[in-house]
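Quick notes on the structure that follows.
The values are calculated or read from the model by the stated rules, or taken from the named source; none is laboratory data. All values reported here derive from a predicted model rather than from experimental measurement. We place every Cβ from the backbone using ideal geometry, glycine too, and count neighbours over all the protein chains shown.
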């Protein structure tokens with residue numbers, strides 16, 4: 001594996017994935033302060049010459065919030081599809097408004113798994129991304145939940161972490177950045193006290209710490225992933241590690257960083273030791 005953390009600042013094309021829990025409150029309504037800060041930083045990165053592709057979750061949560069329904073992910077697939085349709089419209093409206101305040105245009109790109117499986121559709125998607133980026137437009141990507149149930153059922157692509165890794169491959173991006181509600185991959189569950197952890201070795205009894213660099217995704221690294229914490233999202237650390245492996249195998253480094261402070265994007269791209277960095281394989 002190749003450590004390219006210092007090469008992040010040279011990355012010209014960047015895929016940024018933001019999770020539901022990062023851009024919404026617990027009731028499903030959008031966290032406008034955080035979303036505004038994230039939009040400002042992304043626009044500034046584009047101003048600096050970078051090409052940014054944003055993969056955004058949150059449609060179902062936003063749909064629930066907009067309708068004033070109980071803030072929990074419904075079990076019925078058709079209801080989730082309807083909520084995704086409502087929420088996606090609201091989400092894009094807000095993104096268009098926020099990015100527009102900084103004189104940037106966004107576009108909506110809804111993908112399904114067959115885009116990546118079918119050569120003609122894959123080529124068409126690559127051409128579309130290329131044209132959008134060459135025009136200085138910021139594509140905002142999500143899985144098309146109103147017609148595809150992969151993410152809703154947890155099958156195939158299954159989540160936007162994995163989707164973002166495929167998008168990074170599809171577009172030949174230089175790095176994949178996963179923005180989440182944690183500071184990175186921890187050595188053990190940070191929500192549990194040392195006394196609560198099983199006594200199966202010194203590691204389990206130690207205070208949890210952030211693993212800032214992962215040279216290789218081993219079974220031990222995979223075991224560190226916990227369950228998803230959000231009522232609205234489909235991911236968790238496990239899907240982020242899966243995404244990091246997909247990207248890394250394609251020669252694309254991946255980083256996990258907290259979205260609580262949008263300025264963390266600046267720090268990461270400046271090469272600071274922040275979040276968790278997954279090294280890439282040689283291209």
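Before we move on, is residue 12 surrounded by fewer than 18 Cβ atoms within 10 Å (Cβ to Cβ), in contact (Cβ under 8 Å) with a residue 60 or more places away in the chain and in contact with a strand residue (DSSP E or B) (Cβ under 9 Å, 6 or more places away or on another chain)?
Criteria met by residue 12.
I'd like the residue in region 73-103 that is closer than 18 Å to residue 159 by Cβ, under 22 Å from the mean Cα position of the chain (by Cα) and touching a residue at least 40 places away in the same chain (Cβ under 8 Å) and, out of all such residues, is surrounded by the fewest Cβ atoms within 10 Å (Cβ to Cβ).
Among them, the one singled out is 81.
Can you tell which of 54, 132, 110 is more than 19 Å from residue 35 (Cα to Cα), part of a strand (DSSP E or B), at pLDDT 85 or above and under 21 Å from the mean Cα position of the chain (by Cα)?
Only one candidate qualifies: 110.
Quick one: count up the residues across region 15-51 that are touching a strand residue (DSSP E or B) at 6+ places or on another chain (Cβ under 7 Å) and surrounded by fewer than 23 Cβ atoms within 10 Å (Cβ to Cβ).
Matching residues across region 15-51 total 5.
If you scan region 247-283, which residues turn out to be surrounded by fewer than 20 Cβ atoms within 10 Å (Cβ to Cβ) and within 18 Å of residue 224 (Cβ to Cβ)?
258, 279
Under 8 Å by Cβ, and 6 or more places apart or on different chains, what pairs join a residue from region 104-130 that is over 23 Å from residue 93 (Cα atoms) with one that is surrounded by fewer than 13 Cβ atoms within 10 Å (Cβ to Cβ)?
121/114
If you go through region 229-283, how many residues are in a helix (DSSP H, G or I), at pLDDT 90 or above and more than 17 Å from residue 45 (Cβ to Cβ)?
11
Which of the following residues is in contact with a helix residue (DSSP H, G or I) (Cβ under 9 Å, 6 or more places away or on another chain), modelled with pLDDT under 85 and not in a loop (DSSP other than H, G, I, E, B): 65, 87, 28?
Result: 65 is the single residue among 65, 87, 28 that is in contact with a helix residue (DSSP H, G or I) (Cβ under 9 Å, 6 or more places away or on another chain), modelled with pLDDT under 85 and not in a loop (DSSP other than H, G, I, E, B).
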